[in-house]
Amino acid sequence: MKIIVRKPVQSEIDFMKKQPIWECEPKTFPWHYDEKETCLILEGKVKVKAGKEEAIFAAGDLVIFPQGLDCEWTVSEKVRKHYKFGE
């Protein structure tokens, strides 16, 4: 399962800015994705490990997590993101 990290296009930024915001202080925790999540990182720095795969992302990145992913989040700098579950 692949975590996608890329720079968003303007239409994606506009859409994501209408979605809820989630914040998290620095910590490490396990997570399972019951459904696909798309998020726009507003601030912070995060490393997500899923098996042998590792994704690092920060402010300005668009991140897509696939449904069924089991991973571990390590938030090194307080993160703020817009998020949307589902398609």
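Laboratory data are not the source of any read-out in this text; all were calculated from the coordinates shown. Fair warning: this is a prediction, and the values are worked out from it, not measured in the lab. Backbone-built Cβ (ideal geometry, glycine too); neighbour counts: all protein chains shown.
For segment 26-56, taking the residues that are among the hydrophobic types (A, V, I, L, M, F, W, C) and out of contact with any Gly (no Cβ under 9 Å at 6 or more places or on another chain), the one that is nearest to residue 1 (Cα to Cα) is identified as 50.
Could we say that residue 46 is surrounded by 15 or more Cβ atoms within 10 Å (Cβ to Cβ), of a type in the set (A, V, I, L, M), within 24 Å of residue 14 (Cβ to Cβ) and in contact with a Ser or Thr (Cβ under 8 Å, 6 or more places away or on another chain) here? Taking the combined requirement at face value, the residue satisfies it.
Restricting the first member to segment 61-79 and to residues that are under 19 Å from residue 27 (Cα atoms), and the second to residues that are of a type in the set (S, T, N, Q), the beta-carbon pairs closer than 6 Å and six or more apart or on different chains are 74/28. The one condition from (1) surrounded by 14 or more Cβ atoms within 10 Å (Cβ to Cβ); (2) over 10 Å from the mean Cα position of the chain (by Cα) that residue 37 does not meet is (2).
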